[in-house]
Amino acid sequence: MTALSILTSTKKALGLADEYVAYDPDILMFINTAFSTLNQLGLGPEEGFAIVDKEATWDAFFTDLRLNGIQTYVYLRVRNLFDPPTTSYLIEAMDKQRQELESRLNLVREGDSWVDPFLPTP
């Protein structure tokens, strides 16, 4: 996996040049919000994850290639908060994509770390 900057790649997906930094504080806040949600889904570092600049890379958050959807998920969350679509059709379509990614990412996590709630704990 290539060490891509989380901030830079998210800005690129939003259509913003890396050199344009006026919105970086807002985008960083929305990226960290997405990471908080992913943490609640059981993805990423157990202690949580946040970025403060463009030095943080995707491989600091995940290295399992089955979780590549995280990048799209973060983009969809940031886009919805930073530059929401103007029509309800696009909002609904993006929400469905995000929900599907949540489900698929959760399936990978459950496949790796699912614990039977009916088994006694040691």
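The values are calculated or read from the model by the stated rules, or taken from the named source; none is laboratory data. Note that the coordinates shown come from a computational prediction; the quantities given were computed from them, not determined experimentally. Here Cβ is always computed from backbone atoms with ideal geometry, including for glycine, and neighbour counts include all displayed protein chains.
Below, the figures for the structure above:
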quantity: Complete set of residues in segment 79-114 that are touching a residue at least 24 places away in the same chain (Cβ under 8 Å) and either more than 16 Å from N39 (Cα to Cα) or of a type in the set (S, T, N, Q) (or both); calculated: R79, L81, F82, D83, Q97, N106, S113
quantity: Qualifying positions in segment 46-71 - polar (S, T, N, Q) and surrounded by 12 or more Cβ atoms within 10 Å (Cβ to Cβ); calculated: T57, N68, Q71
quantity: Residue under evaluation A56, criteria (1) within 20 Å of D112 (Cα to Cα); (2) touching a residue at least 24 places away in the same chain (Cβ under 8 Å); (3) in contact with a helix residue (DSSP H, G or I) (Cβ under 7 Å, 6 or more places away or on another chain), criterion not met; calculated: (1)
quantity: Condition check for F82: buried (at least 19 other Cβ atoms within 10 Å of the Cβ) and touching a Phe, Trp or Tyr at 6+ places or on another chain (Cβ under 6 Å); calculated: no
quantity: Top-ranked residue of segment 22-45 - restricted to ones that are farther than 22 Å from D95 by Cβ and loosely packed, with under 14 Cβ neighbours inside 10 Å, ranked as modelled with the lowest pLDDT; calculated: P45
quantity: Total residues in segment 31-64, condition under 10 Å from the mean Cα position of the chain (by Cα) and either part of a helix (DSSP H, G or I) or not hydrophobic (A, V, I, L, M, F, W, C) (or both); calculated: 12
